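J.: Could you have a look at this structure, given as structure tokens, before my questions?
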Amino acid sequence: MFRWIALCVCLVVALPASAQVSYVRAGRLIDVLAGRVLTDQLIRIEGERIVSVAPWKSAPRDGPVTDWSGYTVMPGLIDMHTHLADFADSNPGSILQHSPAEAAMMGAQNAKVTLMGGFTTVHDVGCYRGLTDVALRDAINAGWIPGPRMNVVGAYITVPGGGGDITGFAPDVAIPFDMRLGVVRNPQEAREKVRYLFQHHVDTIKLIASGAVLAVGSEPGRLELSEEEMRAAVAEARENGSYATAHAHGAGAIKAAIRSGVRSIEHASLIDAEGIAMARAQGVWLVMDIYNGDYIDTEGRRLGWPAEYLRKNLETTEAQRMGFAAAVKAGAMIAYGTDAGVYPHGRNALQFAYMVRYGMTPMQAIQAATSVAAQLLRWDRDVGAVAPGRFADLVAVKGDPLEDVRLLEHVSGVMKGGVVVR
């Protein structure tokens with residue numbers, strides 16, 4: 001008798017609990033998949049995911065309603081180029097003044113303000129304390145801290161002394177092991193380092209194909225990783241069911257990275273017409289941080305950043321914006337990415353106005369930060385649109401961002417996975 005009762009109890013406990021039902025009433029809803037705006041919509045949510053979107057008829061009785069009837073509602077925003085787990089500092093030596101634990105704690109703060117700014121998903125494309133981003137992602141996923149959904153790369157695949165290495169020190173200064181997890185010297189090392197990163201649970205890979213603006217002794221127009229090294233890294237990423245993106249400023253580095261098989265190009269500052277055509281032909285996304293240069297120039301001068309940084313920023317900023325305009329005109333695939341971390345986190349939406357200024361419509365800019373970014377991330381079954389099956393990641397804004405895209409700089413409400421976090 002007692003065995004029968006115990007079996008019944010176990011069966012009851014094993015049955016899945018019904019997902020909690022809730023609703024959002026949207027006064028205006030931006031349908032990024034169709035490129036249209038719907039009015040007075042009811043979004044039904046079960047657990048973390050959307051199950052239906054339909055016109056509002058009457059108040060439902062089977063769950064609470066978040067009343068955003070006075071707002072424009074859209075998918076949670078996606079930033080395809082952030083650095084949450086890094087200290088933003090122009091002094092190359094400051095990185096050695098912080099432990100991995102401090103980097104993780106700072107990352108937690110950066111993650112929170114990013115989420116509060118309406119960015120519910122990020123592609124976090126590198127940190128100098130290797131794998132700190134993995135720990136940060138896992139802490140968010142476990143519910144220990146608030147933050148966006150993170151796709152992380154773990155470390156930079158870079159040449160010694162390159163744009164992803166720790167530079168600017170005397171030759172006898174010992175750099176900690178975790179700061180050089182991705183330094184490679186040949187194609188075989190590139191494969192081994194990429195394999196190591198996947199063994200330690202990264203999502204994707206970041207290649208430093210060219211020099212960098214904010215790296216001592218590294219020139220943006222110079223090819224650093226060889227095409228053979230990048231091919232090896234890309235092949236290993238594919239073996240692990242994933243892909244690589246490439247930091248590439250120079251026109252030659254952009255083309256070499258595209259030939260190597262990367263999925264996207266970060267920055268693309270000095271891209272030329274041939275590079276744009278290659279990206280279109282090969283289905284490669286461009287992620288161009290066209291706001292960032294203004295911050296570096298104004299704040300960098302005010303704070304006394306190294307003259308080398310300021311020079312390289314001037315050499316790339318306007319060229320990048322002209323390349324962005326040409327890429328928009330040519331119909332290239334462009335996803336929203338800001339390089340937040342160079343400038344303060346939480347201000348990710350500042351770039352929308354620049355994307356409109358340099359050729360996109362407000363709808364295109366919003367799509368770049370939602371449905372287009374989700375496709376690039378390969379997460380378009382889960383994020384990037386207000387649609388059945390996707391996570392209930394939503395943003396509410398007062399007014400009409402299709403008339404004034406800068407309204408996205410001041411979101412009023414944020415929901416992640418069906419929970420209002422702002």
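J.: Modelling each spin label as a point 7 Å along the Cα-to-Cβ direction, I'd like the HIS98/ILE145 distance in nm, to one decimal.
T.: 1.1
J.: How long are the three semi-axes of the equivalent ellipsoid for segment 58-149, computed from the Cα gyration tensor as the root of 5 times each eigenvalue, in whole Å, largest first?
T.: The answer is 34, 14, 10 Å, longest axis first.
J.: Mind grabbing the accessible area of ASP40 for me, 1.4 Å probe, Å², rounded to tens?
T.: Probe radius 1.4 Å; accessible area of ASP40 about 50 Å².
J.: A further question follows. If I take all pairs of Cα atoms in segment 298-409, what percentage of them are more than 26 Å from each other?
T.: The answer is 28 percent, as a whole percent.
J.: Specify which residue in the list GLY143, PHE177, ALA319 is farthest towards the positive end of the charge dipole of the chain, using unit charges on the beta carbon of Lys, Arg (+1) and Asp, Glu (-1), about the Cα centre.
T.: The residue sitting most towards the positive pole is GLY143.
J.: Now for a separate question. Taking the Cβ-Cβ separation of VAL419 and THR361 as r and a Förster radius of 30 Å, what is the calculated FRET efficiency to the nearest 0.05?
T.: Step by step, r from the Cβ atoms, then E = 0.40.
J.: Can you flag which of LYS312/LYS398; LYS112/LYS329; LYS206/LYS416; LYS112/LYS206 are past 30 Å Cα-Cα?
T.: Among LYS312/LYS398; LYS112/LYS329; LYS206/LYS416; LYS112/LYS206, the Cα-Cα distance tops 30 Å for LYS312/LYS398; LYS112/LYS329.
J.: Quote the accessible area belonging to TRP379 in square angstrom, nearest 10, computed with a 1.4 Å probe and with ligands, DNA and RNA left uncounted.
T.: So the heavy atoms of TRP379 present about 60 Å² to solvent.
J.: A follow-up question, please. Order the following by accessible area, largest value first: ASP138, ASP79. Probe radius 1.4 Å; ligands, DNA and RNA are ignored.
T.: ASP138, ASP79
J.: Right, something else. How far is it, in nm, from the label point at GLU299 to the one at ARG61 when both lie 7 Å from their Cα along the line to the Cβ?
T.: Between GLU299 and ARG61, the simple spin-label model gives 5.3 nm.
J.: Now, a different point. Tell me, what is the 1.4 Å probe accessible area of GLU236, in Å² to the nearest 10?
T.: Rounded to the nearest 10, the figure is 10 Å².
J.: Could you please state, rounded to a whole Å, how far the C-alpha centre of segment 324-354 is from the C-alpha centre of segment 62-139?
T.: About 17 Å separates the Cα centre of segment 324-354 from the one of segment 62-139.
J.: State in Å² the accessible area per residue of the chain; use a 1.4 Å probe, count heavy atoms of protein chains only, and round to the nearest integer.
T.: Normalised by residue count, the accessible surface of the chain is 41 Å².
J.: Per residue, how big is the convex hull around the C-alpha atoms of segment 179-255? Give it to me in cubic angstrom, could you?
T.: Here the figure is 89 Å³ per residue.
J.: Can you tell me the alpha carbon radius of gyration of segment 355-422 divided by the globular rule-of-thumb value 2.2 N^0.38 Å?
T.: Segment 355-422 yields a ratio of 1.15.
J.: What aspartates and glutamates could a cross-link reach from LYS57, if we take a straight Cα to Cα line under 13 Å and drop same-chain neighbours fewer than 8 places away?
T.: Qualifying aspartates and glutamates at Cα under 13 Å: ASP40.
J.: In whole percent, and with a 1.4 Å probe on the protein chains, what portion of the accessible area of the chain is carbon and sulfur?
T.: Accessible surface attributable to carbon and sulfur in the chain totals 54 percent.
J.: Right, here's the next one. Where does helix 187-199 land angle-wise versus the long Cα axis of the chain, in degrees 0 to 90, nearest 10?
T.: Compared with the principal axis, the helix lies near 30 degrees.
J.: Run a plain Debye calculation on segment 239-362 (Cα atoms as equal point scatterers, no solvent) and give log10 I(q)/I(0) at q = 0.12, 0.14, 0.22 Å⁻¹, rounded to two decimals, same order as the q list.
T.: Those come out to -0.44, -0.60, -1.28, one per q.
J.: Now for a separate question. Suppose every K and R has +1 on its Cβ and every D and E has -1 on its Cβ; what is the size of the dipole of segment 86-168 about the Cα centre, in Debye to the nearest 20?
T.: Here the size comes out at about 220 debye.
J.: Okay, moving on. How much FRET efficiency would the formula 1/(1 + (r/R0)^6) give for GLU308 and ALA170, where r is the Cβ-Cβ distance and R0 is 25 Å, rounded to 0.05?
T.: 0.90
J.: From the alpha carbon gyration tensor of the chain, can you work out the equivalent ellipsoid semi-axes (sqrt of 5 times each eigenvalue) and give them in Å, largest to smallest?
T.: Over the Cα atoms of the chain, the semi-axes work out to 37, 27, 20 Å.
J.: Moving to a separate point now. Would you work out the charge dipole size for the chain about its Cα centre, treating the Cβ of every Lys and Arg as +1 and the Cβ of every Asp and Glu as -1, and quote it to the nearest 20 debye?
T.: 1080
J.: If you don't mind, another one. ALA54 versus GLN109, label points 7 Å from Cα toward the beta carbon: distance in nm?
T.: Going by the 7 Å Cα→Cβ label model, 4.7 nm.
J.: Identify which of ALA251, ALA392, ALA139 has the largest mean-square fluctuation in a Gaussian network model of the chain, with springs joining Cα atoms closer than 10 Å.
T.: Evaluated over the chain, the most mobile residue of the options is ALA139.
J.: Follow-up question, since we're still on this one. Mean shadow of segment 114-222, computed from the convex hull of its alpha carbons, in nm²?
T.: About 7.9 nm², averaged over all directions.
J.: Full extension from ARG259 to SER412: what is 0.36 nm times the residue separation minus their Cα-Cα distance, to one decimal in nm?
T.: My answer for the length gained is 50.8 nm.
The values are calculated or read from the model by the stated rules, or taken from the named source; none is laboratory data. All values reported here derive from a predicted model rather than from experimental measurement. When we count neighbours, we look across all protein chains shown, and the Cβ atoms used for this are built from the backbone with ideal geometry, even at glycine. The area values use the complete protein model at the heavy-atom level, side chains included, leaving out ligands, DNA and RNA. Shrake-Rupley method; radii C 1.70, N 1.55, O 1.52, S 1.80 Å.
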